[in-house]
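The values are calculated or read from the model by the stated rules, or taken from the named source; none is laboratory data. Here the structure is a predicted model, which means the values were calculated and not measured. Here the Cβ positions follow ideal geometry from the backbone for every residue, glycine too, while neighbour counts run over all protein chains shown.
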Amino acid sequence: MAVTVCAVTAAALAGCSEEGPLTTPDGSPISSVTTRVAEVNIVNADRDLSKTCLAPTAPDAGQTDAGRIVVTDPSLLDAVCALGLGPEVVAVTADPGSIPAYLGPQLTSVPTIGTTPDAAAVSTAAPDVVLTTPRTTGSSAAFPDARVVTVAPSADWQARFQSVADGLGRSETGARLLEEFRTEAQKTGRRMDAQHNQVSLVRFTGDSEMIAGTDSFAGGILADIGVQRPEPQRSPQSFTVTDKNFTDADGDLIYVSFQGDRGLEHGKDVLESDRWLDMGAPTWKRVLAVDDQIWYGGAGLSAAWLVLNDVKGSLDGNS
């Protein structure tokens, strides 16, 4: 949701210039980051994605380092990013645009060479390791000289991260990084008195609203922090908002997100509707917008840190 625009800013300052960024009369730069949508503040609208990936890690004692890495499934890149191995990724066997934007320029700049790369792309990549999943393992056949590491599918993002760490010779490091995250999440919950906050999670699609269950990625992070959910939202499964259960979306604070452009347009309509504005959290200006890809599509340690930092900076905030 941290979208840099070229024309209209949140302050209604407009224009694009080939002579450089807009400035105020005293020479200060004017932000061109959209910070609000439908009168709702966007959490971390000016997020610096270049800082998503964590510091480089070393292999465990006695383990050979990964060297040049090809990844066949973009969903594995989050774990690679969290292990600080982004600079070692030389190619991704996927279509252009498939690398999650939140991983930042370190990984979005990596060549995407398609699921059946040609000989030139294979020669240029020349990987030592191919990181793959059962679903995308067919692409690994293009690299017969590389060591293939297959990560088994898992609904548990922490188990999936540990599997990647194991495969890249960083078992101890992976366990340590997960423990550091869990410890920080618990500390955050205590500092922010999270147990006395009931937080609602609402996702807007092109034609409906979904309430995210406790088994969703964001729902699990909130649980790690110790944040409570409103009573109707304590089911593991996500569910669709209807006329009958519309007020189940209410809470002490509502985090909303939008699935694509159609979700954004539909979300604006709902957020500006009388029915929505009559609920408690909207009345108290306690609705905040978050990045849907990070909160629900990320499902890895890098995204988990971003969600945790979002909560740190907004649990006590207002729209």
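Collect the residues in segment 133-169 that are hydrophobic (A, V, I, L, M, F, W, C), at pLDDT 95 or above and in a loop (DSSP other than H, G, I, E, B), keeping them in residue-number order.
Phe143, Ala146, Val151, Leu168 - these are the residues of segment 133-169 that are hydrophobic (A, V, I, L, M, F, W, C), at pLDDT 95 or above and in a loop (DSSP other than H, G, I, E, B).
What pairs come out if I take residues in segment 146-169 that are farther than 16 Å from Pro59 by Cβ and pair them with residues that are among the basic types (Lys, Arg) and exposed (fewer than 15 other Cβ atoms within 10 Å of the Cβ) whose C-beta lies under 8 Å away, six or more apart or interchain?
Qualifying pairs under 8 Å: Pro153/Arg135.
Table: residues versus (1) among the hydroxyl-bearing types (Ser, Thr, Tyr); (2) farther than 20 Å from Gly167 by Cα; (3) not in a helix (DSSP H, G or I).
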{"residue": "Asp78", "(1), (2), (3)": "no, no, no"}
{"residue": "Gly84", "(1), (2), (3)": "no, no, yes"}
{"residue": "Thr124", "(1), (2), (3)": "yes, yes, no"}
{"residue": "Pro127", "(1), (2), (3)": "no, no, yes"}
{"residue": "Leu131", "(1), (2), (3)": "no, no, yes"}
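Test Leu103 against the criterion of being within 25 Å of Asp48 (Cβ to Cβ) and in contact (Cβ under 8 Å) with a residue 60 or more places away in the chain, and give yes or no.
Here the answer is yes, as Leu103 does meet what is asked.
For residues that are touching a helix residue (DSSP H, G or I) at 6+ places or on another chain (Cβ under 6 Å) and within 16 Å of Trp295 (Cα to Cα), scanning just segment 217-235, find the one that is surrounded by the fewest Cβ atoms within 10 Å (Cβ to Cβ).
Phe217
I'd like the full set of residues that are closer than 14 Å to Thr72 by Cα and within 27 Å of the chain's Cα centre (by Cα), limited to segment 139-166.
Passing the criteria: Ser139, Ser140, Val148, Val149, Thr150, Val151, Ala152, Pro153, Val164.
Has segment 90-103 got at least one residue that is among the acidic types (Asp, Glu), modelled with pLDDT of 95 or more and closer than 22 Å to Leu306 by Cβ? Give the derivation first.
Pass one, segment 90-103, residues among the acidic types (Asp, Glu): 95.
Still in the running and modelled with pLDDT of 95 or more: 95.
From what's left, closer than 22 Å to Leu306 by Cβ: none.
No, segment 90-103 contains no residue that is among the acidic types (Asp, Glu), modelled with pLDDT of 95 or more and closer than 22 Å to Leu306 by Cβ.
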